[in-house]
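Worksheet for the structure shown next.
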Amino acid sequence: MTYAVSPAADPQSPFSLSQLYGQHHPWLLRWLRGKLSCTDHAADLAQDTFVKLLATPGEPALTLREPRAYLTTVARRLLIDHYRRQSLEQAWLATLAQLPAPTAPSAEERLLILETLHQIDAMLDGLGVKVRTAFLLSQLEGMAYADIAARLQVSERTVKRYMVQALTQCIVLLA
């Protein structure tokens, strides 16, 4: 089964984006409501799904072999990103709650820090679990490479390689 935008088996039946939206948006919205507890978030993710489709290179008139399967795939990816952002925000809010009131950052500073955390998360998203863990242990915990190697049960040389991968990923995405 093909989920990508591609020529349809029946070239006589291309979907315009507005037709695709009209025919499948209510269904996608119901599907997302079943996955989320918030109707507003479901509506936002349904819209974002079609925005992603709109940003797909090529003709606005799309032909899909399986429109619902394609929409579901795009929506699932957006849902994963939503949960990741939500988890990151909850961890940040929990950290803030532990700070004494005089040292807590202002609302503007909190927003800037949260945006930065989302950017860092996006940079690290493409890395393998051990690479990401090694990078975070080094940068956030200040652990030495030897300690990271022991914790991850790999060689110190492997940790160095992980760090090069992580830093390269960050540099590439910042450029």
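The values are calculated or read from the model by the stated rules, or taken from the named source; none is laboratory data. Since the structure is predicted, the reported quantities are computational estimates derived from the model, not experimental observations. Cβ atoms come from the backbone with ideal geometry, glycine included; neighbour counts cover every protein chain shown. The area values use the complete protein model at the heavy-atom level, side chains included, leaving out ligands, DNA and RNA. Shrake-Rupley method; radii C 1.70, N 1.55, O 1.52, S 1.80 Å.
Inspection of segment 59-66 finds a residue satisfying the criterion of being open to solvent by 40 Å² or more (accessible area, probe 1.4 Å) and either of a type outside the set (D, E, K, R) or touching a helix residue (DSSP H, G or I) at 6+ places or on another chain (Cβ under 6 Å) (or both). Of the residues making up segment 85-95, not a single one is of a type in the set (Lys, Arg), more than 20 Å from the chain's Cα centre (by Cα) and part of a helix (DSSP H, G or I). Scanning segment 123-140 for residues that are under 10 Å from Gln169 (Cβ atoms) and either among the aliphatic types (A, V, I, L, M) or open to solvent by 60 Å² or more (accessible area, probe 1.4 Å) (or both) gives Met123, Leu124, Asp125, Gly126, Leu127, Val131, Arg132.
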